[in-house]
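Structure first, commentary second.
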Amino acid sequence: DLAGQDIADQLSELDGIAGRVVGKLNERTSARFTVEDVREPVGRLLAEGHTEKDLRAVVWSRTHGKAWGNPKFRDNLRPSVIFGPRFGEFLALAPAAFDEEHGAGAFDRWQPTELVYAADEDGHGSKS
């Protein structure tokens, strides 16, 4: 939570979150986006009350499953699209997509800041 921190701490935390988010986006897409490419939209979304998990869930959902299999969606995997006006729509789709791939309730157990989600009943886990 950025509220109540001095400006230097806020910027440091924002850059940390932006770095983790853009790192996942680059890992999945082989892109070379930078923290500067996502700092403004990530900061705006955090200020609106979204969490790092929300941001990473959208990156995950847009780079897996049906969305990832569609070349049209792949062409739109840019920070301005992912973290733009349709962010809320993408976020609403993320839990179902995650659970479809990892089993019921997996999204609720997912801890993206730890880079893995908790194993399901069968002991399966996956990198976030």
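The values are calculated or read from the model by the stated rules, or taken from the named source; none is laboratory data. What you are looking at is a predicted structure, and each value in this text was computed from that prediction instead of being measured. Methodologically, a virtual Cβ is constructed for each residue, glycine included, from the backbone with ideal geometry; neighbour enumeration extends over all protein chains shown. Protein only, heavy atoms only, side chains kept; ligands, DNA and RNA dropped before computing areas. Shrake-Rupley method; radii C 1.70, N 1.55, O 1.52, S 1.80 Å.
For region 54-80, give me the residue count where each residue is farther than 16 Å from residue 33 by Cα, of a type in the set (D, E, K, R) and in contact (Cβ under 8 Å) with a residue 24 or more places away in the chain.
Of the residues in region 54-80, 2 are farther than 16 Å from residue 33 by Cα, of a type in the set (D, E, K, R) and in contact (Cβ under 8 Å) with a residue 24 or more places away in the chain.
How do the pairs read when you match residues in region 28-50 that are free of Cβ contacts under 8 Å to residues at least 60 places away in the same chain and in a helix (DSSP H, G or I) with residues anywhere that are among the polar types (S, T, N, Q) and surrounded by 13 or more Cβ atoms within 10 Å (Cβ to Cβ), using Cβ under 8 Å and keeping only pairs 6 or more apart or on different chains?
As it stands, the answer is 28/63; 29/63, since those pairs meet every condition given.
Check region 52-73 and report whether any residue there is on the phi > 0 side of the Ramachandran plot, surrounded by 14 or more Cβ atoms within 10 Å (Cβ to Cβ) and assigned to a loop (DSSP other than H, G, I, E, B).
No, region 52-73 has no match at all.
Among the residues that make up region 8-23, is at least one of them open to solvent by 60 Å² or more (accessible area, probe 1.4 Å), assigned to a helix (DSSP H, G or I), closer than 20 Å to residue 74 by Cα and at pLDDT below 90?
Within region 8-23, not a single residue is open to solvent by 60 Å² or more (accessible area, probe 1.4 Å), assigned to a helix (DSSP H, G or I), closer than 20 Å to residue 74 by Cα and at pLDDT below 90.
Looking only at residues that are among the small types (Gly, Ala, Ser) and farther than 15 Å from residue 54 by Cβ in region 67-95, which one is farthest from the chain's Cα centre (by Cα)?
The qualifying residue farthest from the chain's Cα centre (by Cα) is 69.
Could you check, for region 31-51, whether at least one of its residues is closer than 28 Å to residue 106 by Cβ, of a type in the set (D, E, K, R), at pLDDT below 90 and open to solvent by 50 Å² or more (accessible area, probe 1.4 Å)?
no
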